[in-house]
Every structure is written in structure tokens, then in C-alpha cells.
Amino acid sequence: MLEVFGLILILVSLLWMRETDLWPGWLTLIPVSGAMLVMLAARGEAPTLTNHSLVQWLGTISYSVYLWHWPVVVGLTFTNLLSKPQWIVGGVALSLLLGHLSYQFVENPTRNFGRHKAKSGIGRGYLREFVDIMGIAAVAAGVGGVIFLLNGLPSRVPELVRVADAENDNNAVPTCNPDHFRLTKDCVLGEHPENIQAILIGDSHASALATALVEAVRKKTNDSTASILLHYRLGCVTIPGVKIRAYFISHCGEESTEITQKLSKEYLGVPIIIINRISMYMYGSPEFGEDHQPVAYFDEPLKKTNQAYIDEFRTKYLKSICTLAQQHPLYIMQPIPEFTVEVPQEIARQLMYSPSGKAKGIYVDLAAYNKRNATALEILNEAQQKCGIHLLDPTPYFCPGEQCVASINNRPIYEDSNHLSEYGNKFLVPLFMTAF
């Protein structure tokens, strides 16, 4: 009975857990408890299902399979094949084959080191095998150390590939608060708190564009000391009282209330720019599969967006925006185009395999962008009419023709699937300059 119950828990984990679930976390207890019950059954009652020779074989080679499955997964990911069922099946089969061979020809022989007598005597046999093991370890450590000191082997790929891949780390985390998960407030970018020319508030999308705003302010004012004030927090939309589904983003609503009240009394007349990934809060993230499960909520979390929720979101968002607009010129960035892949890695991969040395690019149709953000754009247009705010539209800069691009001149403009990199955000400097 323990065995059956344990296997059920493992099966539930496979079928029920989703990519968006927190891992590791409390959900880890489900498969771990299942495995524990299966092992307990083997020690007590006579197991039936796990006594089968096939299951026993899988258990025997399981550690080797575990070690081999990761490079297989990485290979499938790198070649964009991880989403194809036939390649997933092939990857599982290859992991099993490599695990079996590794068990037979590496794990078993290694485990048996020192268990047989050498012709020259037991002591010398142990010594010889100890020296062999240490020699192998020294070679592995030496090769690994060289690779570590060289930060990998970047020379193995062309310069364009290295530049594209490096965009993954091309961001400027504010030094006043390197922890995205805590509220950043009164953070001065530009090092001159006595010369605040703009206030930027929002979520991580705001932080990703902060340096572009500083550059725009300085160009527009022709003042190298012009600075901005940054208030932001990852995953927190600018609505007082809002709640966020992620466990690590608590007190978002209270912090939004604090910032709104603060700015109704301070820096009066200074322009405010708000940047939020607004559609994500209402419909979820496309990179995890757009499940229409709201990230933001007000009373109880919802499993799916409905009209009543949209109406409540609209009302509270407009109230927040109109309150800020009473004391400040207010500008809101319309949604930044989003993608479903990690842009730097994908562009680097395309360049790696391109005979011409050019990436084919990553695109999302402008029609798809408008559909994804239809509700957000509708709410923002209403805010423009009711509150007198100004909208900043990024699509003329990133969506020439009928498609939005993720790279320009073979270089990614994103650091991941939805945040502009330091290279990408500079294309919006002219847009920010219209706010001054």
C-alpha cells in the first residue's frame, strides 16, 4: 500500500505541476514524499510494482541517467528542439542509453577500484589505483581551472556570437538597491539629488529603461548634472492596495500607496514617467504560456481573467494615475513588445549556425502585439482622456512595418524575453526626450 501511494504522489507531481510553479518550494514535498514511501515499502512490505526487472534496471542506472540527462537537455535547448515531442522521446532514450553505458563502463569499474588484489600485493594495488584516481582528478581539475580562469572558451565562436550572447548580462542594476525584490525608493540616478528633472516609477521594466531616461533628460536639458528619481519594484504594478500572486512580492499595494502619497506632496511639478508590464498583471506572461491567470489581484487570486476583474483593475488603475496626474505632468510608456524566447541566446544560436553570418531574427507581428495589449491600451487611452496624461509609444522604434523586432543589426535589444538591455533601451532616448 505504501508503494502504491508513493507512486501516486510521484505521478501527481508529473501531471499536476506546471512550469510556472515555484521550484524548489513546498511543492517539492510531493515527489520527495512519494519517493520516500516507495523506499519505505521496499524495506517493509513486499513491493510488487517496483520489483519488476525493468523498474529495477531503471533504479540501478538512475544516477548515471541523472548525470547524462542534463547535457542532453542543454543540447535540445540549444538547437530549439526541446518543445518537439519526438525529440523529447529521443532525448529520454539517449539519456537511458548513455546512463546504461556509463554505469557499465565507468560507474561499476570505478566502484570496484581497490577490491581486487594486484599481482604485487594488496597494498600496492590500493596505492596504484589511488594514484590513478588522483591523476584523473588532477587532469580534470587542471582543465576545469583553465576554463574557469578564461571565463569559458569565448574564442571558439565568432565575435558576433559573443556580442549577442553577452547581451544577456547587459543591464544596469541600480547601485542604491541591487535587490529587485525589495522596494527601491528615492534612488537618485545621475548622482545629483539637488537636480532632479524627472521621476521614474514602475516595475522591472522601469528599471530596465532608467539609464535611457537619464540620457534623454541630459540631452534635452543640455545639463550633464541632470538626474532622475527612481521608485521601482520587480513585479509590482502601480496600483495602491493591489496584491501580487508571487509569494516573494509582498506588500506591493502598500508600497504603491506609500509612493503615491509621497509624490502628491513632494517634487511637485516634476514630470513622472510610469513604466509597467501592465498586460502581464491582467493576463499572465507569454513566456510561460499565456494562461490568462492574473498576476495582480485585489481580494482573492483568480484562476482566469474575467470582465469583472478587468473592470476593477481599470477603475483602480485610473484612480491611481489620475491622483498622480493632479500634481505632476504624467507620462506612461505603452507596453514594450514581449517575446516567448530568451532573445540573446536565440540570436547567438542563429548566428552560430548561419552560413551568411547574419541572424534571421526574432519577430512578433504588430497585430499580435495589439491583440495581446488591447485591454492595456484601452485603459491607457482612457487615462489619457480622463486624467490628461501623455502616452509614450515604443512601437515606432521597434516595430517597423508589420512586425516588432528583438534585434537590430544582428545584436539583441533585449536581455531576456521582455526586458530591454542597455543597448536596446538607448533606442528609446528620442522618445523620452519628447517628455521634456
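The values are calculated or read from the model by the stated rules, or taken from the named source; none is laboratory data. For clarity, every value in this text was computed on a predicted model and none was experimentally measured. Backbone-built Cβ (ideal geometry, glycine too); neighbour counts: all protein chains shown.
Of all residues in region 252-260, at least one satisfies being surrounded by 19 or more Cβ atoms within 10 Å (Cβ to Cβ), β-branched (Val, Ile, Thr), in the same structural domain as Glu194 (by TED's automatic domain parsing) and touching a strand residue (DSSP E or B) at 6+ places or on another chain (Cβ under 6 Å). When Ile228, Ile196 are checked against the criterion of being of a type in the set (Val, Ile, Thr), at pLDDT 85 or above and buried (at least 24 other Cβ atoms within 10 Å of the Cβ), a single residue qualifies: Ile228.
Across region 340-357, which residue is surrounded by the fewest Cβ atoms within 10 Å (Cβ to Cβ) among those that are in a loop (DSSP other than H, G, I, E, B) and touching a Pro at 6+ places or on another chain (Cβ under 8 Å)? Spell out the reasoning first.
Let us first name the residues in region 340-357 that are in a loop (DSSP other than H, G, I, E, B), namely 340-342, 354-357.
Imposing the further condition that a residue be touching a Pro at 6+ places or on another chain (Cβ under 8 Å) reduces the set to 340, 357.
Numbers: Thr340: 15, Gly357: 10.
That would be Gly357.
Among the strands (runs of 3 or more DSSP E) lying completely within region 358-427, list those that include at least 3 residues that are among the charged types (D, E, K, R). Steps first, please.
Working: elements: 363-365, 390-392, 403-405.
Those strands (runs of 3 or more DSSP E) do not exist here; none qualify.
Within region 303-328, restricting attention to residues that are part of a loop (DSSP other than H, G, I, E, B) and either outside the structural domain of Ala198 (by TED's automatic domain parsing) or buried (at least 17 other Cβ atoms within 10 Å of the Cβ) (or both), the residue that is nearest to the chain's Cα centre (by Cα) is Thr305. Between a residue in region 127-147 that is in contact (Cβ under 8 Å) with a residue 12 or more places away in the chain and closer than 19 Å to Val106 by Cβ and any residue that is of a type in the set (A, V, I, L, M, F, W, C) and surrounded by 10 or more Cβ atoms within 10 Å (Cβ to Cβ), which pairs come within a Cβ distance under 6 Å, given they are 6 or more apart or on different chains? The qualifying pairs are Glu129/Phe113.
Per-residue answers, yes or no, for (1) closer than 25 Å to Met433 by Cβ; (2) at pLDDT below 90; (3) among the charged types (D, E, K, R):
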position	(1), (2), (3)
Val242	no, no, no
Arg245	no, yes, yes
Phe248	no, yes, no
Glu255	no, yes, yes
Ser264	no, yes, no
Val270	yes, no, no
Pro286	no, yes, no
Asp291	no, yes, yes
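Taking first residues from region 231-247 that are assigned by TED's automatic domain parsing to the domain that holds Val295 and closer than 19 Å to Ile273 by Cβ and partners that are of a type in the set (Lys, Arg) and part of a strand (DSSP E or B), the Cβ contacts under 6 Å between residues at least 6 apart in sequence or on separate chains come to His231/Lys185.
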